[in-house]
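**Student:** What follows is a structure written as structure tokens; I'll ask about it next.
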Amino acid sequence: NGTILGAPRLELCIAHEGAVAHRLAWCPLSSVAPAPDTGARGRLGLLAACLRSGDVCVYAVPALPQSETDAATAPAPVVALTPVFRARADTRNVFATCVAWCRVAGARDRLACGFSDGTLRVWALDTA
């Protein structure tokens, strides 16, 4: 019925070396997929971010071990991530203004970004 059961709590903080993120788009995975940089933990999904620097970055968000997500009073873990994909702005005056994922069954997922120069750029990314 859309009712939230219980109080929300912060489960994960993501640290990155990019500029301020002003737009985000989440690409959930159908299951916890293996992530090459996080070992057996796998990943929950991909997070695309439009950064104030003008870049668009995609981060693989790791799945947390159950023990880290169970404790209601424990502080949220902070995970430092590096981009698995980065699209740099062409010039200093052009920057990404919006970002969206398009999931395509049986094909590569698409990441679409709008830029301040009026262009729309689409990348086909292997998210498996």
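The values are calculated or read from the model by the stated rules, or taken from the named source; none is laboratory data. Remember, predicted model here, so these are calculated numbers, not experimental data. In this analysis, Cβ positions are derived from the backbone assuming ideal geometry, glycine residues included, and neighbour counts consider all displayed protein chains. Each accessible area value is taken on the protein alone, full model and side chains, heavy atoms only, with ligands, DNA and RNA left out. Shrake-Rupley method; radii C 1.70, N 1.55, O 1.52, S 1.80 Å.
**Student:** Stretched out fully, how many nm does the piece from VAL122 to THR97 gain, at 0.36 nm a residue minus the Cα gap?
**Tutor:** Length gained, VAL122 through THR97: 7.6 nm.
**Student:** Rank CYS98, CYS13, CYS27 by accessible area, highest first, at a 1.4 Å probe radius?
**Tutor:** CYS98, CYS13, CYS27
**Student:** Using 0.36 nm per residue, how much length does the chain from ALA112 to LEU10 gain when fully extended, once their Cα-Cα distance is taken away?
**Tutor:** Working it through step by step, the gained length comes to 33.9 nm.
**Student:** So how far apart, in nm, are the two label points at VAL104 and SER53 if each is 7 Å from Cα heading toward Cβ?
**Tutor:** Roughly 2.8 nm, to one decimal.
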